[in-house]
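One structure is given here, and the rest of the page talks about it.
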Amino acid sequence: MNIKFSRRDILKMGAVGATAAMTPGLLKAMELQEAGKGADLRTAAERTQVVPYTCLQCNIEDGGLAYIEDGRVVKLEGNPKHPATRGKLCGKGAAGANGLYDPDRILYPMRRVGKRGEGKWKRVSWDEAYKELASRMAEVLDRAKEGKGSPNEIALHIGRNRWFGFDNRFMNALGSDTRLNHTSICESSKKIGMQPTWGPDIETPDFANTKYMLIFGANIYEASYFHNPYVQRVVEGRVGNHAKLVYFDPRMSNTAGKADEWYPIFPGTDGAVALAMCNVIMKEGLHNKEFIDKWTNYPSDKLAKYLEQFTPEWAEKISNVPAKDIKRIAVEFALAAPRCTTYTYRGPAKHTNGSYSEKCTMMLNVVVGNIEQKGGYCLPRGFGYKHPQPEPPAPKEKSELAHPHEYPLAEHKVSHHVAHMIKEGRQKVSVYMRHYFNGNYSMPDSDTWTDLYMDEKLIPFHVSMDTFMGEATALSDLILPETTYLERFDIENMPSSIETPWVGIRQPVIKPLGEVKSYRDIVLELVTQHLDADGSRGIKKYFEYGTTEDYIKYMAESVPGVKEAGGWEYLKKNGVWSPKPVDSEPDYNLHKKDGFGTHDKKINIYVEEWAKYGFNPLPHYEPIPAHENMKEDELVLITFKWNVHVQSRTANQKYLAEIIHNNPMWINTKLAEKKGIKTGDLVRVTSKIGYLVTKAFVTEGINPKVVAISNSFGHWEYGRLATLKLKEKPEWAESGDADFEQVFWKDTGMHPNYIIPVSTDPIGGSEGWYDTVVTVEKAQPGDKYKDYKVDKEAAVKAYQETLSYSYVGPNFRRRAPGKGEAKAGAKKGH
Amino acid sequence: MNKNDEYYTGGKKGAGNSVRYGMVIDLRRCIGCHSCSIHCKTENEVPVGVYRAWVKYVDKGTYPNVRRNFLPRLCNHCEHPMCYRVCPTKATYKRDDGAVLIDNDKCIGCRSCVTACPYDARFINPVTKTADKCTFCVHRVDKGLLPSCVQGCIGRARTFGDLNDPNSEISRYLAKNPAKQLNPATGNEPSVFYIGLDESVEEERGGVTSVAGTQREARKEAI
Amino acid sequence: MNAIVTYNVPHMVEPWGMLIVVHFFLSGLAGGSFITSAAASLFNEERYKKTAIVASYLALLAILIDVPILIADLDRPERFFTLLFRGSMTAPLTWGTWVLIGLGLFSVLNIMLKMGNQAVKGSKGIILGLGSVLALGVCTYTAVALNIATDARPIWSNGILIPIFIAASGITAIATTSLIISLGREGKEELSCLGSTNAVLLILQLIMVISLILTTYTGTPMSRQAAAVITSGDMAMLFWGGLIVVGLLIPIFLLWSSSIAKKEGRISPGIAALASVLVLIGVFALRYIIVSGGQMLPLT
């Protein structure tokens, strides 16, 4: 008998182990051999080659092992040596090779011919591409030297940024401050809520040891930071410790479906619920008085008095969470302290009150004093890196696009305003470079970005460093083909394991396909061979560290302990280094060493800087302006992410797309009945800037005042699979994919971002993704699936309206949330 | 007629030192991430559109008391597999250690086995045009590794091993936790057990509506 | 309980589709024709001469059409010949292969008998007897294939399927033979006997079909759903309209009333032809309902 397994016959394994399986629930360190010779008996085979790498399907940076046979990646598995990943990769990680071998990858540089957006390209050599880009940049720099311009006209817009400071080096060397990002559509308000409060921008809950998990809007079973590592520990905590999981989310995500208690909270009201809970805890005397008095900058009795105004009844009216449950959960949480923890991600943060909300949920931990305790709410553990010297100084002239003056506290920038700001003429842009950023797809009010990219006066020269012909890349002038994460060197670090920090790397697991280059190589070659080949501009001297590999090696070996362990060679062989082994016991009470990362080393319940700009310095619930006068039949539109997809990049990956490939609008059963809508019916969703027509998915699992659409689908570019134009082979594609014959789905979804207006948190600068007020009706006669219309003037009005709520705007002054400590904007039942 | 008959233990359990491979899936630990499904796909080069391993989602309840349950599925490698009995060419056979496998050289594609499986675990591979299903990754197990779905499970919900060995991980796990098989009334005696099985994930045929309605609707993709 | 499957993979919807339905119909025709021919020969060769001859040719014709269809239905049709040297005692398809081949052979022998061939003249009993056994095998192995498949398909697991298939084969064969005779020139006097035999079979079939549906409907919730698909779901029109009314009730009425109404006990060829056509529609509908309808419910 022979089982036809094509290449698995190449498996050569030495000793055959027993057939016992891995013990779930026990954190057993496995016997490991050095990767390359055949890693763990339990999880790997001695194939032709095993190369460790770090995943980048989402942003968790899990450690993986790539199995290579005949120069081809055949399997991706988790790296058992990685302290966060512990040998497991999620479905997206496992499907990583789909993107690597996608037939629609761009493998050589291309230059636009014809009109921008027409879709006509000609292949050029790297030399030609570099020459053109360098000359454009040189033109700006020369003009700036003569005083007729500024280096800030060169813009670099990075979405998924793993440059680890290399972007600073590049742009600072050019003298440009126009480094743009995506964080404001990510979770920036969460960061801004946390950073002035206790220092770092993320927490590390000790899930494996906790007894009570209070999670607000962090869909840990499917996504959020750090889905894979954390959910492993959440499961351990729930099954091993019988920990309770209480979860707040307007929609029944997988986390909600499996939680012990799920509350379909109204969007944007997490802060109110958290404040009411803190109030209950302090009223019942269950708070940790010593902790508050010793480690925070606000005395506990004053805090208790301040919190009195936030009653559970008040919170119930706003949030749809019953008051009796608020009281009960608060008491349960406090009784479980210190082995209790909260966890939040985009749920509370993506609102105009996001920074306040994050602060409020943090307070739950501050009040019970579970900070840095076993089973509690802990600081993130990570490493900083040194960079090869010399490093260029920061540019003198600040960029308004990078730091809009209306948002002084938005340290992580307000990227979703950039298109409007450029259109307003706030800053001239001459050369616009993009990397891992798909502006006219991923941004709210996405059509404004399409208009921006199409406008050759506003964006005279548009350069993409991209792997695929995405929506934004299709509107560019020059495409520099970039590597996927499996083909380049990178340094990595994420606070994803409480047991120990770690240093990870990426390395090319196969030779990069076609002519693709990593972004680090692109910048290096551009500067040293073209833009500043003779060094006369004073830029080259910052790029004389050798190769990209040398650069990464320098950074990696700058972490104490790495060199001793074997340095760069060790990292290439194992993919990761950590000072403590996998599954070690975490250290707690780190704050007792150096205090917290704030100006006074304490937790700032009272944030002076916020008061300076007129915001409320204390934990505060600020109602969302758009929700204050909602009519009876108006609903809130939220977005979400599936566990097998990320926000936009995975729609073309076949093993993921076959599981979920479209995005009908989730609507509550009772509401759908009222409107006569059944699953599969066309519905028209109208916001204040436009409408779209999509399909409905009727479910019991969503708050009846909320509808939800996933923004992972609705691509109109991005390859044959994502657009289901399977027969239209693009000219740069060399082949098809045999699996295209097996594609059984016909719907690629309808993108919601067209009608989501710009709406910004005045403190943290986050886009209010979960604030959009809409009406939903059955589709009108004549409406076809995927119809949409955007009112451009309304979009601009929405932008101006959100500016009016910034600290310099008339609407802000009117609301005056910061007047006095006692005013919480909470009286009179908002 | 051929040596395949030697491999059919006829359901002899615990006879001497015979191994019986089985799997336990602890649904309390399953997070519905599809990692098992995708690991299987990449390990076994399963074409798009067909699945050797997959995860079913069932929502139950009325707002706001709604729950979601996941049911990771694969071939149950039954002790008395009907698929084996109906195969006219003995392409499907059962190894001594319990794994039910398909010899792709013998299969004529009559699909008797596909109709005979009560668990919908079998399909016709669109590339080889023969019957196909989960193989317990015997190519890995024979080398002392775990099946790919077990290795890939983030929640560590799956345990694989020798059900006949009272000291194996899986036997000890089963001894501690009550586990159920799917649809035991068929008498096939599956080797895959579920801990924490909620009635709603199986009851779908007994009064639960499928979003996709009948099988035909499932192909038409209602949503 | 209010439970909904919100995600499942697309399973193989109908492993056995239209080609198999056609095969069931044709195999029933083949087996039933042989038995009809044998019965006609053994009871009264002279009186039912036309029947015996037509049916004998029908049997062979049905098999000659059926076998290519079976081969075409395979996903690896080029491997069909392996069935000749590979087999499993527990696989209905193995049995089916051999009884079909056997019946093919015996139907040739039967035709030779009818043509008066000297070589086979003496073995009439054996040919007809053994051939009928094989024919019965051909009629029923398909039902066994459905029965044995799995207990998880309620419609198929019902024991009454075998008698239903036997009756269906007889009905198909007699109706086709009737149709051919009624359209031909001679033998019309045999139509009434064929008609009354068929009427009896149809009544039996009606009772058995009702039993099948009733026992399935009143079983577990799962089997009720399976029956509901047929009585009120996707198959309802076909079941009530195509099978019960058109395929059973109307032909029963036509055949019964015409066979007792006419004084000579003769049935008009026109009525016979009409009844045959309706019956054939009904039998085909029955095959389709059982094969496709039985697969409509999702398994676990």
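The values are calculated or read from the model by the stated rules, or taken from the named source; none is laboratory data. Bear in mind that the values here come from a model prediction, so they are computed numbers and not experimental data. For neighbour counting, all protein chains shown are included, and Cβ atoms are generated from backbone atoms with ideal geometry for every residue, glycine included.
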task = Select from region C:255-294 the residues that are crowded, with 24+ Cβ neighbours inside 10 Å, at pLDDT below 90 and among the β-branched types (V, I, T) and list them in ascending order.
result = C:I267
ask   = Any residue in region C:159-179 that is of a type in the set (S, T, Y), in contact with a helix residue (DSSP H, G or I) (Cβ under 7 Å, 6 or more places away or on another chain) and more than 29 Å from C:E46 (Cα to Cα)?
value = no
inquiry  = So, C:P10, is that one more than 11 Å from chain B (Cβ to nearest Cβ) and more than 18 Å from C:I180 (Cβ to Cβ) or not?
reply    = no
query = Can you list the helices (runs of 4 or more DSSP H) found entirely within region A:359-471 that contain at least 2 residues being in contact with a helix residue (DSSP H, G or I) (Cβ under 6 Å, 6 or more places away or on another chain) and hydroxyl-bearing (S, T, Y)?
reply = A:446-454
Meets criteria (under 30 Å from C:L146 (Cα atoms), modelled with pLDDT under 90 and under 15 Å from the mean Cα position of the chain (by Cα)) for B:D120 = yes
request  = Answer yes or no: is there a residue in region B:44-58 that is under 30 Å from A:E77 (Cα atoms), assigned to a helix (DSSP H, G or I), at pLDDT below 95 and within 12 Å of chain A (Cβ to nearest Cβ).
outcome  = yes
query = Residues of region B:49-97 being of a type in the set (A, V, I, L, M) and within 21 Å of B:F160 (Cβ to Cβ), which ones?
reply = B:A53, B:V55, B:L71, B:L74
query = Looking at this structure, is A:D783 on the phi < 0 side of the Ramachandran plot, buried (at least 23 other Cβ atoms within 10 Å of the Cβ) and more than 14 Å from chain B (Cβ to nearest Cβ)?
reply = no
request  = Working carefully through the options C:L206, C:L297, find the one that is farther than 28 Å from C:I181 by Cβ and of a type in the set (A, V, I, L, M).
outcome  = C:L297
inquiry  = When you scan region C:87-104, do you find a residue that is aromatic (F, W, Y) and either more than 19 Å from the chain's Cα centre (by Cα) or within 7 Å of another protein chain (Cβ to nearest Cβ) (or both), even just one?
reply    = no
ask   = Do the conditions hold for A:V235, that is, is it under 30 Å from A:L56 (Cα atoms) and without any contact (Cβ under 8 Å) to a residue 12 or more places away in the chain?
value = yes
Region A:59-96, residues that are in a loop (DSSP other than H, G, I, E, B), closer than 20 Å to A:T650 by Cβ and either β-branched (V, I, T) or more than 12 Å from chain B (Cβ to nearest Cβ) (or both) = A:N59, A:I60, A:E61, A:T85
query = If we keep just the residues of region B:40-79 that are among the β-branched types (V, I, T), under 27 Å from A:M252 (Cβ atoms) and touching a residue at least 12 places away in the same chain (Cβ under 8 Å), which is surrounded by the most Cβ atoms within 10 Å (Cβ to Cβ)?
reply = B:V58
request  = Look through region B:136-180, keep the residues that are hydroxyl-bearing (S, T, Y) and within 7 Å of chain A (Cβ to nearest Cβ), and return whichever of them is farthest from A:G240 (Cα to Cα).
outcome  = B:S168
request  = Could you list all residues from region B:111-159 that are in a helix (DSSP H, G or I) and charged (D, E, K, R)?
outcome  = B:R140
ask   = So which residues in region A:249-278 are part of a loop (DSSP other than H, G, I, E, B) and either touching a Phe, Trp or Tyr at 6+ places or on another chain (Cβ under 9 Å) or of a type in the set (S, T, N, Q) (or both)?
value = A:D249, A:P250, A:M252, A:S253, A:A259, A:D260, A:P264, A:I265, A:P267, A:G268, A:T269
Odd one out for C:L70 among (1) facing another protein chain (nearest Cβ under 10 Å); (2) more than 21 Å from C:F165 (Cβ to Cβ) = (2)
Residues (surrounded by fewer than 24 Cβ atoms within 10 Å (Cβ to Cβ) and either within 11 Å of chain B (Cβ to nearest Cβ) or not in a loop (DSSP other than H, G, I, E, B) (or both)) located in region A:208-218 = A:A208, A:N209
request  = Scan the helices (runs of 4 or more DSSP H) fully inside region A:611-695 and keep the ones with 2 or more residues being crowded, with 18+ Cβ neighbours inside 10 Å and out of contact with any strand residue (DSSP E or B) (no Cβ under 8 Å at 6 or more places or on another chain).
outcome  = A:654-657
ask   = Of these, C:A62, C:A55, C:A40, which one is more than 14 Å from chain B (Cβ to nearest Cβ), under 17 Å from C:Y141 (Cβ atoms) and in contact with a Ser or Thr (Cβ under 9 Å, 6 or more places away or on another chain)?
value = C:A62
key: Single unsatisfied condition, A:H530 versus (1) part of a helix (DSSP H, G or I); (2) modelled with pLDDT under 95   = (2)
note = Across (1) more than 14 Å from every other protein chain (Cβ to nearest Cβ); (2) over 30 Å from A:S319 (Cβ atoms); (3) within 27 Å of the chain's Cα centre (by Cα); (4) modelled with pLDDT under 95, A:Q647 clears everything bar (2)
message = Here's a check for you: in region A:701-753, which residue that is among the polar types (S, T, N, Q) and facing chain B (nearest Cβ under 9 Å) is farthest from A:L100 (Cα to Cα)?
response = A:N703
Within region A:132-155, considering residues that are of a type in the set (A, V, I, L, M) and assigned to a helix (DSSP H, G or I), the one surrounded by the fewest Cβ atoms within 10 Å (Cβ to Cβ) = A:A138
request  = Give region A:219-242 a look and list any residue that's in a loop (DSSP other than H, G, I, E, B), hydroxyl-bearing (S, T, Y) and modelled with pLDDT of 95 or more, or say none.
outcome  = A:Y221
remark   = Among the residues of region A:295-323, the number that are surrounded by fewer than 19 Cβ atoms within 10 Å (Cβ to Cβ), touching a helix residue (DSSP H, G or I) at 6+ places or on another chain (Cβ under 7 Å) and not in a helix (DSSP H, G or I) is 3
inquiry  = Testing A:L480 on (1) within 30 Å of A:Y570 (Cβ to Cβ); (2) surrounded by 24 or more Cβ atoms within 10 Å (Cβ to Cβ), one condition comes back false. Which one is that?
reply    = (1)
query = Would you call B:P126 within 10 Å of chain A (Cβ to nearest Cβ), more than 22 Å from B:L197 (Cα to Cα) and in contact with a helix residue (DSSP H, G or I) (Cβ under 6 Å, 6 or more places away or on another chain)?
reply = yes
request  = Look through region A:255-305, keep the residues that are basic (K, R) and touching a Lys or Arg at 6+ places or on another chain (Cβ under 9 Å), and return whichever of them is nearest to the other protein chains (Cβ to nearest Cβ).
outcome  = A:K258
task = Quick one: count up the residues across region A:746-804 that are outside any loop (DSSP other than H, G, I, E, B) and among the aliphatic types (A, V, I, L, M).
result = 10
